Amino acid sequence: MELPRLKKDVSLSEHVYQVVYEQIVKGNLKPGEKIAEAWLAESMGISRAPVREALKRLAEDRLVVLVPRSSCHVADPSPEEIAEIYEIRKRLEVMALEYAFDNLDRKRIEAMAREFERCQRMPPPQFAKKEVKLDSEFHNLLAERSGCRNLQDMLGKLRARVQKFRLQEADHHERARGALQ
């Protein structure tokens, strides 16, 4: 896997964090997959210290698991943990909706509703990918319009932890259609 080179406007550890975060959320790094600190540092042309720092942050976000003096691998939450995350997320998103209600752009919501309706008529492969994308946009909009930064951060971290599973479930078209309903 080819990793991007450092952008000038962020710290080394932030850049590594963003790159690995994105690879995990997009499903390019699979649950249980080992992440080699030395390989990351070498492929990005940096020392191991910022990689270590970024992996520590990812572990705090529970996206990776660090085994001291041994290894790092992508977190692989149990079905019970995933169910728990969805339940917490559901309750936080109700709160986001309450905060956001008066700040929502009704025309944008109506446009999104039309997109969801068009999505329903798509054939299974396109439907599933489009549904995940629209769902993410909708939930991001609610969090953003809530105006509550701490709530946005919490929801963002929870969404990141389940996003890779949403993409896997998108292959199961009936589940995706149920989620859209």
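The values are calculated or read from the model by the stated rules, or taken from the named source; none is laboratory data. Values in this document were obtained by computation on a predicted structure and should not be read as measured data. Counting neighbours? That spans all protein chains shown, and the Cβs are built from the backbone with ideal geometry, glycine included. Remember, those area values only see protein heavy atoms, side chains included, never the ligands or the DNA or RNA. Shrake-Rupley method; radii C 1.70, N 1.55, O 1.52, S 1.80 Å.
Observations, loosely collected:
- Computed from the Cα positions only, the extents of region 75-159 along the three principal axes stand at 35, 33, 15 Å, in decreasing order.
- Cα→Cβ-extended label distance, 7 Å offset, between L97 and M112, nm: 1.1
- In this calculation the C-beta distance from A59 to K129 is compared with R0 = 22 Å, giving a FRET efficiency of 0.15.
- Rg to Rh quotient for region 29-117, alpha carbon positions, Kirkwood Rh: 1.18
- For region 70-114, the residues whose amide N sits under 16 Å from a probe point set 7 Å from the Cα of W39 along the beta carbon direction are 70-75.
- Binning the alpha carbon pair distances of the chain at 5 angstrom intervals from zero yields the distribution 1, 7, 14, 16, 17, 16, 13, 9, 5, 1, 0, expressed in whole percent.
- Assigned charges on the beta-carbon of Lys, Arg, Asp, Glu; the chain dipole about Cα centre (debye): 320
- Computed over the chain, the per-residue total of -39500 (n - 2.57) for DSSP H runs of n ≥ 4 gives a 222 nm mean residue ellipticity of -22500 deg cm²/dmol, rounded to 500.
- Think of the chain as having a plus end and a minus end, set by charges on the Cβ of Lys, Arg, Asp and Glu; of A100, H15, L29, H15 sits farthest toward the positive end of this dipole.
- Note on region 76-159: with neighbouring protein chains present and a 1.4 Å probe, carbon and sulfur make up 55 percent of its accessible heavy-atom surface.
- Point-to-point label distance, Q18-V67, nm (Cα→Cβ direction, 7 Å offset): 3.2
- Accessible solvent surface per residue of region 1-135, calculated while the other protein chains remain in place, 1.4 angstrom probe, Å²: 64
- Entries in K34/K56; K34/K157; K56/K130; K56/K129; K130/K157; K30/K157 that, when Cα-Cα distance is taken, lie over 26 Å: K56/K130; K56/K129
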